[in-house]
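First up is the structure itself, then whatever we jot down about it.
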Amino acid sequence: MKLFQKFQKSPKKPSKKPSKKPSKKEEKVSEEINQEITLLDLISPAGLKIDSNYIQVGQKYGRTIFAFTYPATLTTGWLSPIITHDEEMNLALFIHPADTNAVLKNLRKKTAQIQSQISLQAEKGKVRDPILEAALQNVEALRDQLQQGAERLFRVGLYITFFGDSIKQLDDVGNEVRALLENRMVYAKPTVFQQEQAFISTLPLEIDKLSIHTPLNTPPLSSTFPFVSADLTDNKGVLFGINQHNNSLILFDRFSLENGNMVIFAKSGAGKSYTVKLEVLRSLMQDTEVIIIDPEKEYKYLTETVGGTFIDISLTSPHHLNPFDLPIPGPDDKPADLLRSNVINLVGLLKIMLGGLAPEEDALIDKALSQTYAARDITPESDFSKITPPLMQDLHTVLKGMTGAEGLVARLEKYVSGSYAGFFNQPTNVELRKKLVVFSIRDMEDELRPLAMYIILRYIWNIVRSQTKRRMMVVDEAWWMMQHEDAASFLFGIAKRCRKYYLGLSTITQDVADFMKSKYGKPIVTNSSLQLLLKQSPATIGVVKETFNLTEQEKFMLLECAVGEGLFFAGLKHVAIKIVASYTEDQIITSDPAQLLEIEKAKEELAQEEAAAEEKIREAREKTADEITKMAAEEIAKEAAEKATKGTTEEVEEEAKEKTEEEAKEKAEEEAKVEVAEEAKEEPAEEAEEEAEKGVIKEPPKEPIEKDEPDLAY
Ligand SMILES: Nc1ncnc2c1ncn2[C@@H]1O[C@H](COP(=O)(O)OP(=O)(O)OP(=O)(O)O)[C@@H](O)[C@H]1O
Ligand SMILES: [Mg+2]
């Protein structure tokens with residue numbers, strides 16, 4: 001109103017001619033008009049057409065429906081699909097608390113009615129009616145609850161107005177909304193001849209003009225609360241997948257949680273590795289270094305694509321890791337502690353290598369390890385960056401010199417000089433330089449795999465401790481490690497401590513039961529802020545349900561979901577997730593053999609095409625080169641021929657010229673001679689004449705004066 005008045009009162013442009021003063025009557029009318037026009041008039045449409053089952057506002061059509069019946073049981077969040085449905089709509093939920101006393105009175109009446117019906121039928125000798133009995137039980141139970149104050153009763157009205165650009169579209173949207181409701185056994189129908197009241201009721205005005213209510217007690221009413229799905233969308237981080245509750249994105253930075261660890265459990269082929277590869281690919285773009293222990297050699301293609309390092313670890317491979325390596329101490333690490341903990345770790349490793357250690361052997365090994373380091377002059381005071389770590393061979397030699405260690409020496413023999421020496425008795429020659437480093441242990445013998453995993457993990461851990469960087473470590477098929485207590489304990493140690501070194505550990509396993517059997521399994525899970533459960537097998541779902549406190553509904557979802565779908569836990573929030581990759585990502589990370597074969601085939605074809613194209617280019621080049629050579633040769637020949645002809649002409653010309661010159665010379669000489677002779681003849685006569693004239697007689701020269709050869713004209 002104010003706004004409008006301001007607008008009305010804004011000074012008008014002064015007109016040149018003073019306008020005629022309005023009469024009093026006119027002024028009154030104008031004032032009345034001004035007062036009647038409100039902001040609502042300004043923003044409201046020009047008209048509203050109200051039909052029996054729709055309203056029309058401008059070009060938009062709207063229709064309201066109301067829920068009139070509900071099922072016996074409602075599931076939590078049944079309203080959320082409607083709320084998140086991608087259509088424009090207004091939804092109003094009116095909850096009017098009912099007067100408990102009045103309700104109890106009604107219920108008492110109802111009980112009496114039902115009971116009398118039952119006894120009437122019994123008197124008539126009819127068989128009992130289960131419907132009446134169930135109704136009586138329900139009413140009685142409700143009366144008890146209401147009487148005790150454990151529950152309250154409400155009158156609930158649910159109205160939904162949806163919109164469309166045409167009647168047809170309105171019908172379509174209406175069908176969709178009603179189908180969504182009917183999926184949950186909630187039935188709705190349009191408010192025929194009450195569209196205006198219905199429309200007003202769904203506006204945010206808090207006016208229930210429809211008053212179409214269903215009585216609901218507290219538990220079913222609480223299930224209407226629509227916002228059950230947690231939102232896991234952050235401003236930064238990587239996209240993990242799509243939230244299936246509300247189609248929002250699950251996007252966040254795993255390092256923003258209490259710890260950056262993740263566990264992934266699912267049956268074989270459910271998409272565990274796929275999910276991790278996708279995260280790796282996306283994390284690499286965010287400057288996170290990734291180290292993977294890959295027991296299936298399935299990360300090779302990904303590594304090649306992103307230009308990472310792929311290290312094959314096997315008995316015959318040229319890559320070695322020395323278990324005796326020591327970490328370079330960080331700023332607040334004490335070398336003495338590092339050496340001590342390294343020795344303890346080595347005892348754990350040797351326990352696996354030697355098939356367990358008796359207590360006295362344990363003590364011997366511990367002593368021998370300290371001596372092995374000491375033999376290489378490695379003491380807590382040494383600079384660990386300059387030392388040469390000992391090899392397994394050195395430990396063997398030390399053990400040989402110890403009394404009572406004969407058994408140990410014999411058992412260690414195969415790692416020092418036997419077929420296993422290739423991997424266990426060599427100095428380290430690999431480095432973690434690239435952003436993505438994958439250690440593949442597929443070609444390692446089965447019984448040595450846990451050992452290899454352990455040694456690789458120790459190596460990685462030493463590097464991680466020496467230099468803090470944002471890193472992610474993936475241990476695929478981690479159950480290999482969980483088979484041995486010492487290896488499992490080491491993995492747990494990493495999970496517990498890696499947060500301090502900016503490392504996030506991802507543990508993947510398909511055998512949940514095996515993983516949980518280890519006493520370190522559960523602590524690893526509880527030390528992981530992120531937990532991903534994909535499709536589970538019926539055999540393991542019990543363990544999973546117990547470990548993750550799943551509801552029955554979540555349990556069934558995990559049994560029935562498709563590949564790449566599951567439950568995602570981030571801290572306390574959990575959502576149903578669908579992992580989706582782009583086409584390019586899919587081509588890089590898939591492990592589907594059929595798809596891999598296709599990619600391989602496509603690659604071969606491409607290579608062949610490229611080779612063919614190259615061949616063509618080469619041929620074309622050769623051809624052109626030949627032609628050019630030919631043309632050049634022809635040109636040269638032509639030039640030569642021309643030159644030859646020219647040469648001959650020149651020679652002839654030169655000869656002719658020489659001849660002419662000679663002739664000319666000869667002629668000139670002769671002429672000169674003749675001239676001189678003539679001059680000689682003429683000169684004395686002329687002189688005599690002159691002298692005679694002067695009176696002087698002079699004798700003529702007896703011989704003509706010999707003249708030098710004349711200079712050539714050129
Ligand atoms: N989100 C997804 N979208 C499309 N395809 C997927 C998805 N997740 C997995 N797949 C496909 O399913 C197959 C199995 O996936 P994956 O190799 O990740 O299984 P896994 O759980 O690691 O199995 P295993 O335990 O045997 O290693 C692959 O062919 C992969 O391409
Ligand atoms: Mg896998």
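No lab work stands behind these numbers, since they all come straight from the coordinates. Being a predicted model, the structure only gives us computed values, none of them experimental. Cβ coordinates were reconstructed from backbone atoms using ideal geometry, including for glycine residues, and neighbour counts include every protein chain displayed.
Figures for the structure shown
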| read-out | value |
| --- | --- |
| Vicinal HN-Hα couplings computed from phi for region 488-497 (Karplus, 6.51 cos²θ - 1.76 cosθ + 1.60; Hz; Gly/Pro x) | 4, 5, 5, 4, 5, x, 5, 4, 6, 9 |
| Computed lengthening from residue 60 to residue 446, 0.36 nm per intervening residue step minus Cα-Cα distance | 132.0 nm |
| For peptides 276-285, 495-504, 585-594, sequence by mean Cβ density within 10 Å, most packed first | 276-285, 495-504, 585-594 |
| Gain on full stretching of the segment that runs from residue 300 to residue 83 - 0.36 nm per residue minus C-alpha separation | 73.7 nm |
| Euclidean distance of C-alpha centroids, region 549-608 and region 446-464, integer Å | 28 Å |
| Alpha-carbon centroid distance for the pair region 87-143 / region 334-357, whole angstrom | 73 Å |
| Value of D in µm² per second that Stokes-Einstein yields for region 521-585, Kirkwood Rh from Cα pairs, at 20 °C (1.002 mPa s) | 171 µm²/s |
| Inter-label distance for residue 211 and residue 632, nm, one decimal - labels placed 7 Å from Cα along Cα-to-Cβ | 10.5 nm |
| In nm, spacing of pseudo-spin labels at residue 145 and residue 434 (7 Å Cα→C-beta vector) | 6.2 nm |
| log₁₀ of I(q)/I(0) at q = 0.13, 0.17 Å⁻¹ - region 554-638, Debye sum with one point per alpha carbon | -0.71, -0.88 |
| Region 435-570, relative contact order [Cα under 8 Å, separation at least 6], % | 20 percent |
| Cα shape, region 58-222, gyration tensor, a/c 1.5 rule | prolate |
| For region 322-427, convex hull of alpha carbons as volume per residue, Å³ | 92 Å³ |
| Spatial extent of region 386-495: Rg and Dmax, with the Cα atoms as the point set, Å | 15.8, 48 |
| Net length gained if the chain between residue 621 and residue 584 were fully extended (0.36 nm per residue, minus Cα distance) | 9.8 nm |
| Nitroxide proxy distance, nm - points 7 Å out along Cα→Cβ at residue 256 and residue 513 | 4.0 nm |
| Entries in 272/496; 535/555; 49/209; 277/434 that, when Cα-Cα distance is taken, lie over 20 Å | 272/496 |
| Residue among 419, 331, 365 farthest towards the positive dipole end of region 322-427, charges placed on Cβ | 419 |
| Cubic angstrom per residue, convex hull over Cα atoms of region 245-373 | 228 Å³ |
| Residues residue 179 and residue 526, FRET efficiency given R0 of 25 Å [Cβ-Cβ distance, rounded to 0.05] | 0.05 |
| Calculated FRET value between residue 610 and residue 50, using beta carbons and R₀ = 51 Å, to 0.05 | 0.15 |
| Cβ-derived FRET efficiency at R0 22 Å, residue 225 paired with residue 101, nearest 0.05 | 0.20 |
| Among 81, 66, 116 - extreme Cα towards positive end, dipole of region 58-222, charges at beta-carbon | 116 |
